[in-house]
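Any read-out appearing in this document is the output of simple, stated calculations on the displayed coordinates, not a laboratory observation. Worth saying up front: this structure is predicted, and the values here are computed from it rather than measured. As a convention, Cβ positions derive from the backbone with ideal geometry for all residues, glycine included, and neighbour counts pool all protein chains shown.
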Amino acid sequence: MSTQRSEDVWQHLAACRGPSQTIFFPPGRLERRSEKRLREQRAKEICQTCSVQNECLSYALAIREQHGIWGGLTENERRDLMSGGSGDQRSGAVIITTQGWR
Ligand code: SF4
């Protein structure tokens, strides 16, 4: 019987698996603002095609992930969302948080 936790199964369906993973996190060097904006935009475009975007975002919020693009949101957008702001730029998204559904 698989020991894979059901809540992790979504990770196998991630559209960012493979070589494109690198654009979801800042490079290990100084990144110009224009580079960062372009990299994040490219990552968000991949998230828009991802079938597990809501699960991904819910997971990142639940573990308070501090780095990278998760569920189509940047670190700042997730932080804003967690603090009750409207950080979520996506339309029609359903997010599971510790306070329930949104
Ligand atoms: S929503 Fe984005 S970051 Fe999350 S699994 Fe899908 S492609 Fe990857």
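If you filter the range 5-72 for trypsin sites (Lys or Arg not before Pro), then keep DSSP loop positions with at most 14 other Cβ within 10 Å, what is left? Those satisfying the criteria are ARG5, ARG17, ARG29, ARG32, ARG64.
The gain in end-to-end length when the ARG37 to ALA15 segment is fully stretched comes to 5.9 nm, 0.36 nm per residue minus the alpha carbon separation. Extension gain, ARG64 to SER51: 0.36 nm times the residue separation minus the Cα-Cα distance gives 2.5 nm.
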